[in-house]
Every structure is written in structure tokens, then in C-alpha cells.
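The values are calculated or read from the model by the stated rules, or taken from the named source; none is laboratory data. A quick note: this is a predicted structure, and the numbers were derived from the prediction, not measured. Here the Cβ is made from the backbone with ideal geometry for all residues, glycine too, and neighbour counts use every protein chain on show. Heavy atoms of the whole protein, side chains included, go into the accessibility calculation; ligands, DNA and RNA do not. Shrake-Rupley method; radii C 1.70, N 1.55, O 1.52, S 1.80 Å.
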Amino acid sequence: MQFPVPSETFASLDVEALREQGVKVSVRCMRFKHPLFSEMMKDRKHQGLEVSHFSLSRLFFSILFVIRHPVIAASLFSWVTLNCIKSPKHFIKSVVLLPSAISIFNNINKDRPDVVHLFWGHYPAMVGYLVKRFIPNIVVSQFLGAHDLVTNYPCSISLAKEVDKLFTHSHSNLATLSKAGVDTKGIEVVFRGTKLINVENVNRKDMCDDNHPVFLTASRLIEEKGVDDVLRVYEKVAALYPKSKLIIAGDGPYRDKLEKLISEIGCEGSVDFIGHVSQPELIKEMAKANFFLLMSRYPSERLPNVVKEAMYQQCVVITTETHGIRELIEHEVEGFIVKKNDIDEAYKLISQCIDSPQRYVSTTTAAKKKIEENFNVNKTMARYIDVWFECLNK
């Protein structure tokens, strides 16, 4: 929908992993350019990557396209209407995005790539429909993940039954897709990988120092991400370990309330907000931390990359029970999983690790090994490439 985006570092990782493996990639976005576009393109090393966004000029050209190709435009409108007839909200959004979908299709029609992949499978499904309908020799693949399933866009399920290959990133999504009428036998489950970064010249602790353990959390600062619960857990930790420290990475509308909560629990001197930071900076913070906490209550949370990154940097991860999380973490082996809002259990597990250096080391070692073997972005994107070649050969 928009690229790059501060909260979607994983998208940048996927794109660069494809480029490193020799795939020529271009990114077509349905929304306007992000205000920090240039800064993020530089920070994420996207030099030479072709990225286009919707604009007023593209609106003009999409109108010309509709005039010249009324059958194509009418086909898309009819398909959207048929699928969204019981969902006025999705219908209205589709109509708003329709010029953008037509503009992207026009570019695809000119460029004729081998594969069109829908990174998000909800509203970009309109582009997928047009390509499947009018340029059938192009392979169309679609990703349907947590956000797509929560969005519940009717056209996405309709297209999922027609694409050349459907991807998802967690086995826990298969039941939802099956219930929606999608044949799950042909779905390719590929975990979303992360870049394995080895940090140098950082004061890394090999074992948790019980005098001043360092805690880290990182997320968009919205209520659903549960940073308030992280603070409640840390309140208990700080009472026992007054020299401990909590770092909060990220920004968002909930920050003011979190700052008030910090004042209420009396932890002003030991909690630091560092705002939104680049991925390399966040990785360095992880390398210095003993514990990573993610107490998310977010409905579409699925195997978050930030947890994978923390595991690889050998933090002890405490996270909440979200869909598919046990595919990433074996409880009490590679990290710890607690129920949402279970502050006491999270605190208990932290205390056990601090009291048992052997448990701390075994957990962090197992966590790093899990990421190396199953969540390396170069390996996951290599699987995408293999699947696309299989589709092209057919």
C-alpha cells in the first residue's frame, strides 16, 4: 500500500533479500508517498530500487485509461461490487482506491514483469484481479497474513481462489482461510524472515547481571501493543532491582499516557524513551539488553519480526500468547509466553531467569539457533523465488 513505512521494516528486508539474490524488483504502491520516503530509502539501503506511488498525475492518467479502456474499468468495478455488496465500508474504500489500482495495472501492462506479487493481499487484490483477467500469462501470487485476515476484505478471498500461488506466514492462518472457503492444500507457508545481523563493538552481557538487568521493548506506541503492561511488569522488577533499566523504542499517539504512567509508578529515572530508531540502531539496543518484552494485545499480531530480532541478539524474550507464536517460540525453551495482561507471570519468569544464570544462557542460546535455522530472510525469500519459478515453468 505504501513503501517504505516506518512500522514495516520487514517489507524492506524482503525486498533487499530478493535483490541480493538477483531478482529485479519494482514496487508499486496504492497510496501517496510517505513524508519520510527519502530518509527511509537511504537508511534501508534501497539505492537503485524503483518505487512508484499514487499521485495527482497518476489520477489523471488513470482517468484517461478508463476512457480508452472502459471494458477493463467496468470489469473491475463489477467484480468489486459483486464481492462487496454486503460490505458498504469495503465498497467505498475500493472505489476510492480504484484509480490507483488501474494506474498500477497500466504500468504492469507496459512493463510485463514475470511475476506480480501482492505483498498485502487485501485492497491490492484489485490489481491482482486485473492482471489475472487481462494479462493471464503473468504469474500472480498473493500474500494473506494476519493484517489481511483481520481486514477481512471480501475481494481478497475471491482472488485467493484464482491466483497462481497463495502465501501465508503462519500455519495458524490456515484454519481461517479454510473457513473462508480457500483450499489450503496449495497454500505455501513461508515464515517471514529477518536479517541476521552480528553486532560488533557493543558492551554485550554474556549473562544477566542481577544488579542492573537491562530491559527493552519496541513497538508502535498504541494502546493495543501493551507497552503499559510492560511498564507494570517493570514496576515489579525495579522494586527488587533498583539499578535496572527499561528502554522503550518506538513512537505513537499513546506516548503521553505512557509517560504519565511512568510518573505514577515512580520509575522516571530508570525508563528511557528513544523514539523511532533505524533497524541497525534497534539491533544494537537489543545486543545490549538482557530481556525483551512484548506484551501485545494487538489482534493481528503474528510472529512479529521484532521478537525474531531480539531472539537472534540473545535477549530472553517474554511475549504474549498471540496467533502462531508457538511456531516461533517453544515456551520455556527459546523464550517465554504468557497470557495477555498476565503481569505477575511475566515478572515471575524474569525473576527465575535472573536467579538462574544457567537458564538464562540456555534460553538465549536456543533462541538464536531457532532464528538461524528457520527465520533467515535470505532463506525465506529464496523459497519465494523457487515457488515463482515453479509457477513460471507451469
- Among DSSP beta bridges whose residues both lie in the chain, state the antiparallel percentage, nearest 5. 0
- Item | Calculated [θ] (222 nm, deg cm²/dmol) that DSSP helices of n ≥ 4 give over the chain, each run adding -39,500 (n - 2.57) | -15000 deg cm²/dmol
- Task: Estimate the FRET efficiency between S78 and K42 by the formula 1/(1 + (r/R0)^6), using the beta-carbon distance for r and 41 Å for R0, to the nearest 0.05.
- Result: 0.45
- Cα gyration tensor category, rounded, prolate or oblate, for region 253-394 with a/c compared to 1.5: prolate
- Can you tell me the order of 293-300, 82-89, 364-371, 170-177 when each peptide is scored by its average per-residue count of other Cβ atoms within 10 angstrom, highest first? 293-300, 364-371, 170-177, 82-89
- Extended-chain gain in nm, criterion 0.36 nm per residue less alpha-carbon gap, K394 and R255: 44.9 nm
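Give me the percent of the accessible area of the chain that comes from carbon and sulfur atoms, probe 1.4 Å, all protein chains in place.
51
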- Pull out a ≥ b ≥ c, the square roots of the eigenvalues of the alpha-carbon gyration tensor of region 241-299, then state rounded if a/c is under 1.5, prolate if not and a/b is larger than b/c, and oblate in the remaining case. oblate
- Query: In percent, what relative contact order does the chain have, based on Cα pairs under 8 Å that are 6 or more apart in sequence?
  - Reply: 15
- Taking the structure as given and computing Cα extents along the principal axes in Å, which label from [x] 73, 47, 41; [y] 71, 43, 42; [z] 63, 48, 45 fits? [y]
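If the chain between L56 and K161 were fully stretched, how many nm would it gain, using 0.36 nm times the residue separation less the Cα-Cα distance?
On the way: separation 105, 0.36 × 105 = 37.80 nm, distance 3.33 nm.
Gain on extension, L56 to K161, equals 34.5 nm.
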- For L240 and E20, what is the calculated FRET efficiency with R₀ set at 45 Å and r taken between the beta-carbons, to the nearest 0.05? 0.50
- Ordering of 217-223, 256-262 by burial proxy (mean other Cβ atoms within 10 Å per residue, highest first): 217-223, 256-262
- Net charge over other residues, Cβ less than 10 angstrom from the Cβ of A160 (K, R count +1; D, E count -1): -2
- Query: Hey, quick one: spin label on D344, modelled 7 Å out along Cα-Cβ, who in region 302-328 has an amide N within reach, i.e. under 19 Å?
  - Reply: 319-321
- Taking R0 as 41 Å, what's the FRET efficiency between F134 and D272 from their Cβ-Cβ distance, rounded to 0.05? 0.15
- Query: So, counting K/R as plus one and D/E as minus one, what does the shell of residues with Cβ under 10 Å around G250 add up to?
  - Reply: +2
- Task: Place the peptides 227-240, 60-73 in order of packing, highest mean first, counting for every residue the other Cβ atoms within 10 Å and averaging per peptide.
- Result: 227-240, 60-73
- So how much slack lies between N201 and E373, counting 0.36 nm per residue of separation and subtracting their Cα-Cα distance, in nm? 59.4 nm
- Note on the structure: Taking a crude spin-label model, label points 7 Å out from Cα along the C-beta direction, the N152 to A180 distance in nm is 1.1
